[in-house]
Amino acid sequence: MTISTKEEKQSKLDKKENSQKKPTPWQEAHQKYLEEKRLMDKILKKNQEQEESESLAEPSEEVEQQENQEQEKNERPMIEILSSEKPTESIRESENTSFSDKLPKMKDYRQRKLYRRLALIISLFLIPLVGCIYYISPLGQLSKVNVVHNQQVASNQIVKTANFKINELLWEQYFARQNAIQKIKKISPWIKAVNVKVVHFNQFQINVTEYHRVAYLLTGDKYYDILENGQVLKNPITQDQLQSGLPILEGFTSKKLILKTLKAYHKLPEEFKQSISQIKSTPRAENDQLLTLNMNDQNQVLINIDQLTKKLPYYAKVASNMQEPGIVDMEVGLFTYPYPKEEKKTGDSSEQTADSDAENSESVQENPQA
């Protein structure tokens with residue numbers, strides 16, 4: 001048993017020594033390189049000797065062939081070694097270059113990330129600082145108030161009513177602007193809407209939208225403006241101040257009826273609008289929407305408000321068939337008859353229509369185009 005154990009121990013030690021004596025791959029490659037180098041040296045020496053011998057005497061062809069074969073055999077292992085070493089070297093070079101290339105990219109990435117963090121931190125401190133400077137500086141105080149788009153209401157009156165304070169905090173007054181807007185709207189019935197906005201950093205601009213004048217109301221010998229919302233202004237104007245192209249209403253007492261009449265009037269073509277000189281409200285017990293239109297050709301038209309856009313387009317053709325000025329009755333159907341002989345055409349259409357119905361009932365002619 002002792003002998004066998006000794007043998008086993010000895011065999012293990014021999015294996016360890018053999019494993020330790022085994023050369024590394026690099027050593028093996030180096031040894032091969034040295035052997036090949038020795039072979040190459042021998043071949044070079046032989047070549048030199050052959051050249052020297054050739055200079056003395058020409059060698060035989062068989063000797064040359066043998067020498068060439070030996071050279072090829074010696075060169076093959078050297079080529080194999082070099083070819084086996086090239087891939088490993090290229091791999092190592094690629095690994096080295098790829099890692100070196102990655103270093104600048106990592107540096108750039110870290111620098112960009114650092115700059116972003118610095119920009120965020122600076123902005124967090126800079127924005128409140130700029131806000132405080134603006135709040136304290138003159139740019140944060142109101143310097144001027146302008147009024148635009150106003151024609152009927154004076155700018156000084158609007159500024160005075162708004163009561164914005166110059167050289168005081170701008171944004172506090174801006175956020176409380178609704179109180180000023182409500183006060184401005186109450187100045188005049190002309191004002192439709194008001195808007196306040198900041199311009200030029202520290203100025204207020206008051207934009208005023210006014211109602212349009214759409215007609216005039218004749219009461220007695222005085223004229224009053226009628227706005228697009230149907231409101232009749234209290235301050236009268238003279239006949240010289242009348243604007244051409246706007247209708248003149250007479251006898252209207254209801255705001256609702258004024259709006260309804262004007263709505264129908266504005267739907268008419270422009271040529272029919274220009275042919276009407278005056279619109280009178282001449283209601284009856286059975287018809288409170290009857291209108292009497294005084295035309296520029298000295299005719300009168302009796303028509304309901306609801307039928308204004310439907311029947312009035314027939315007026316031009318009917319008037320062309322009339323031999324003298326008279327009345328065109330479109331209240332029910334379409335009839336024409338002359339004015340009463342004993343009375344001339346006056347401003348009171350209600351009396352004319354009553355007299356014409358009583359005295360000229362026989363002269364009524366039915367229009368065939370009705």
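The values are calculated or read from the model by the stated rules, or taken from the named source; none is laboratory data. Just so you know, these numbers come straight off a predicted model, no measurement behind them. Backbone-built Cβ (ideal geometry, glycine too); neighbour counts: all protein chains shown. The area values use the complete protein model at the heavy-atom level, side chains included, leaving out ligands, DNA and RNA. Shrake-Rupley method; radii C 1.70, N 1.55, O 1.52, S 1.80 Å.
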If you take just the strands (runs of 3 or more DSSP E) that sit entirely in the range 273-334, which of them hold at least 2 residues that are within 50 Å of the chain's Cα centre (by Cα) and assigned by the TED database to the domain that holds residue 223?
276-281, 290-295, 300-304
Within the range 190-206, residues under 20 Å from residue 227 (Cβ atoms) and not in a strand (DSSP E or B) come out as 190
May I ask you to list the residues in the range 107-149 that are part of a helix (DSSP H, G or I) and closer than 21 Å to residue 173 by Cβ?
131, 132, 133, 134, 135, 136, 138, 139, 140
With the checklist (1) closer than 30 Å to residue 257 by Cβ; (2) outside any helix (DSSP H, G or I); (3) not polar (S, T, N, Q) in hand, flag the one item residue 240 doesn't pass.
(2)
Are any residues in the range 180-189 assigned to a helix (DSSP H, G or I) and touching a helix residue (DSSP H, G or I) at 6+ places or on another chain (Cβ under 9 Å), and if so, which ones?
180, 181, 183, 184
Checked pairs for the range 178-203, first within 20 Å of residue 167 (Cβ to Cβ), second open to solvent by 90 Å² or more (accessible area, probe 1.4 Å) and part of a strand (DSSP E or B), C-beta under 6 Å and 6 or more apart or across chains, list as 203/144
With the condition kept exactly as written, say whether any residue in the range 221-235 is open to solvent by 70 Å² or more (accessible area, probe 1.4 Å) and in a helix (DSSP H, G or I).
no
Tally up the residues in the range 151-179 that are assigned to a helix (DSSP H, G or I), among the β-branched types (Val, Ile, Thr) and touching a helix residue (DSSP H, G or I) at 6+ places or on another chain (Cβ under 9 Å), please.
2
Of the residues in the range 325-370, those that are open to solvent by 80 Å² or more (accessible area, probe 1.4 Å), over 17 Å from residue 293 (Cα atoms) and modelled with pLDDT of 50 or more come to 341, 342
Going by what's in this entry, would residue 266 be described as under 30 Å from residue 131 (Cα atoms), modelled with pLDDT under 95 and either more than 42 Å from the chain's Cα centre (by Cα) or open to solvent by 50 Å² or more (accessible area, probe 1.4 Å) (or both)?
no
For residue 296, are the conditions met, namely being open to solvent by less than 30 Å² (accessible area, probe 1.4 Å) and in contact with a strand residue (DSSP E or B) (Cβ under 9 Å, 6 or more places away or on another chain)?
no
Based on this model, can you work out whether residue 199 counts as in the same structural domain as residue 169 (by the TED database), at pLDDT 90 or above, among the aliphatic types (A, V, I, L, M) and buried (at least 19 other Cβ atoms within 10 Å of the Cβ)?
no
Of the residues 256, 263, which is more than 22 Å from residue 315 (Cβ to Cβ) and either free of Cβ contacts under 8 Å to residues at least 40 places away in the same chain or assigned to a strand (DSSP E or B) (or both)?
256
